[in-house]
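To start, the structure itself, in structure tokens.
The values are calculated or read from the model by the stated rules, or taken from the named source; none is laboratory data. Source: prediction; values computed, not measured. Here the Cβ positions follow ideal geometry from the backbone for every residue, glycine too, while neighbour counts run over all protein chains shown.
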């Protein structure tokens, strides 16, 4: 899937909040011509991120995930707020396991001012980012790289993640069902997340609000099984009640609280 421009990514994020976006409304919002907006919407429709409707676009039927580069742009401010809050709760000289995903990558970026972290990951984007701090020790799983996301999945990953006991496991998900079930797009992604969960003293689930109610087809765990959930908005009352009845802690990371 092609990557999006900043405006196209923002329109995609707006569509998460709205059932329908009009060409005229978007043209006025961005101070560009209707023709320019139609070209943007054509890109989104071709990428499966929107569906044409008379006068604009609506949400598409759920299918696969969005390209990694596009996800890096989507809801960037919200992810950075989450990342700053997570980073404020992690001390120096600790070990961390990171899953794939743009929100875990944002957390890794927010940790670059820490000292002497031991980073373990199957995400090459996170590994290269962590190498920017000379005090970090960076460990990467070996195996076949999935070109689309820059991650390593497969048999070697199980041996890699099972060889350590991490202080913190940091991972995201593709979606969360109304009953708190965690969802991803492949069995291998679920297995990688489960291995991090099983081999970490504390587990931090990091996800922006768009993941609540988002569809994906592979089940893997419950939101109440983690130590802390970091997100930018309160989820549904049903999920909050489930978290309140568990040992998990919900942390809302708005711009003010994340400073």
Residues located in region 1-37, provided they are buried (at least 16 other Cβ atoms within 10 Å of the Cβ) and more than 22 Å from residue 214 (Cβ to Cβ): 7, 22, 23, 26, 27, 37
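So that you can scan it fast, the table gives a plain yes or no per residue for (1) over 11 Å from residue 100 (Cα atoms); (2) over 21 Å from the mean Cα position of the chain (by Cα); (3) assigned to a strand (DSSP E or B):
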| position | (1), (2), (3) |
| --- | --- |
| 129 | yes, no, no |
| 135 | yes, yes, no |
| 143 | yes, yes, no |
| 157 | yes, no, no |
| 160 | yes, yes, no |
| 164 | yes, yes, no |
| 169 | yes, no, yes |
| 173 | no, no, no |
| 178 | yes, no, no |
Filter pass, residue 258 being touching a helix residue (DSSP H, G or I) at 6+ places or on another chain (Cβ under 9 Å), at pLDDT below 95, assigned to a loop (DSSP other than H, G, I, E, B) and buried (at least 21 other Cβ atoms within 10 Å of the Cβ): yes
Checking residue 127 against (1) surrounded by fewer than 23 Cβ atoms within 10 Å (Cβ to Cβ); (2) touching a strand residue (DSSP E or B) at 6+ places or on another chain (Cβ under 6 Å); (3) touching a residue at least 60 places away in the same chain (Cβ under 8 Å), only one condition comes out false. Which one? (3)
Tell me which residues, restricted to region 28-61, are assigned to a helix (DSSP H, G or I) and at pLDDT below 85. 46
Qualifying residues in region 83-103 (those that are at pLDDT 95 or above and assigned to a helix (DSSP H, G or I)) - the one nearest to residue 145 (Cα to Cα): 83
If a residue must be in a helix (DSSP H, G or I) and within 19 Å of residue 184 (Cα to Cα), how many such residues does region 217-246 contain? 4
Given the conditions (1) at pLDDT below 95; (2) within 13 Å of the chain's Cα centre (by Cα), every one holds for residue 204 apart from (1)
Residues in region 199-213: is at least one assigned by TED's automatic domain parsing to the domain that holds residue 120, farther than 18 Å from residue 102 by Cα, without any contact (Cβ under 8 Å) to a residue 12 or more places away in the chain and in a loop (DSSP other than H, G, I, E, B)? no
With respect to residue 170, determine if the residue is at pLDDT 95 or above, in contact with a helix residue (DSSP H, G or I) (Cβ under 9 Å, 6 or more places away or on another chain) and over 20 Å from residue 94 (Cα atoms). no
Would you mention how many residues in region 142-172 are under 21 Å from residue 79 (Cβ atoms) and touching a residue at least 60 places away in the same chain (Cβ under 8 Å)? 8
